[in-house]
1. Does Phe162 count as crowded, with 20+ Cβ neighbours inside 10 Å, out of contact with any Phe, Trp or Tyr (no Cβ under 6 Å at 6 or more places or on another chain) and touching a residue at least 40 places away in the same chain (Cβ under 8 Å)?
2. When segment 1-27 is examined, which residues are found to be in contact with a strand residue (DSSP E or B) (Cβ under 9 Å, 6 or more places away or on another chain) and in a helix (DSSP H, G or I)?
3. Take the residues of segment 136-182 that are of a type in the set (Asp, Glu) and in a helix (DSSP H, G or I): which is nearest to Lys23 (Cα to Cα)?
4. Which one of Asp99, Asp35, Asp93 is assigned to a helix (DSSP H, G or I) and either β-branched (Val, Ile, Thr) or farther than 18 Å from Phe167 by Cβ (or both)?
5. Residue check, Ser74 against (1) closer than 30 Å to His25 by Cα; (2) crowded, with 16+ Cβ neighbours inside 10 Å; (3) in contact (Cβ under 8 Å) with a residue 40 or more places away in the chain, all met but one. Which one?
6. So which of Pro106, Pro114, Pro83 is surrounded by fewer than 19 Cβ atoms within 10 Å (Cβ to Cβ) and in contact with a His (Cβ under 7 Å, 6 or more places away or on another chain)?
7. For segment 1-45, name all the residues that are among the aromatic types (Phe, Trp, Tyr) and either surrounded by 17 or more Cβ atoms within 10 Å (Cβ to Cβ) or over 24 Å from Pro81 (Cα atoms) (or both).
8. Any residue that is β-branched (Val, Ile, Thr) and within 30 Å of His25 (Cα to Cα) - is there at least one of those in segment 98-105?
Amino acid sequence: MPIYTRTGDKGKTSLFDGTRVLKSHPRVNSYGTIDELNSMIGVAMAHMAKGKGQIVTLRKELENIQHDLLEVGSALATPHPLPVVGLAQRAKDFEQLIDEMTAKLPELKKFILPGGRQAGSFLHVARTIVRRAERELVELMQKEEVDQTIVIYLNRLSDLLFTMSRFVNHLEKEKEIIWIKK
């Protein structure tokens, strides 16, 4: 079976229930951004060292997040709200991970510039993609019903990715650059 279907050649796509919508529909934008986020997390993982202590744990968590994101994308590709099982608990788990990593990091007293080494920098980019996904989801929620736990999950995920970027840079002994207001 070929990967191409030609069904989207006129600017429309199908949701999971068969409804045809424009590719610019807010629902399509939402799950498209989730797909972009998933890919960026894959890029960040590709730039992480393999087989080194705490990095192994981070890579496994990022892989779990990728699985979550496919569930989220699937729920968003369905025009009737589908609850994503376990998503609320994952958001709580993220808080614990954030706290554990933060305890091992230098205290953050000022804003830092996004960057660092490759993996940390890509995690910062992933964080910004999450924020865009949140904005698009809120826009979709103004018009259609959406599972509220997705918003909570994404909000917590952006915090987690910020902390992970700091943590990866810390493990790689990359100094954070403090923002200097001009």
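The values are calculated or read from the model by the stated rules, or taken from the named source; none is laboratory data. A quick note: this is a predicted structure, and the numbers were derived from the prediction, not measured. Methodologically, a virtual Cβ is constructed for each residue, glycine included, from the backbone with ideal geometry; neighbour enumeration extends over all protein chains shown.
1. For Phe162, the condition - crowded, with 20+ Cβ neighbours inside 10 Å, out of contact with any Phe, Trp or Tyr (no Cβ under 6 Å at 6 or more places or on another chain) and touching a residue at least 40 places away in the same chain (Cβ under 8 Å) - is not met.
2. Arg27
3. Among those residues, the one meeting the criterion is Glu136.
4. When all the criteria are applied, what remains is Asp35.
5. Result: Ser74 passes all but (2).
6. Within the list Pro106, Pro114, Pro83, the selection yields Pro114.
7. We begin by selecting, within segment 1-45, every residue among the aromatic types (Phe, Trp, Tyr); these are 4, 16, 31.
Within segment 1-45, Tyr4, Tyr31 qualify.
8. Initially, segment 98-105 is screened for residues β-branched (Val, Ile, Thr), giving 98, 102.
Then drop every residue that is not within 30 Å of His25 (Cα to Cα), which leaves none.
No, that holds for no residue.
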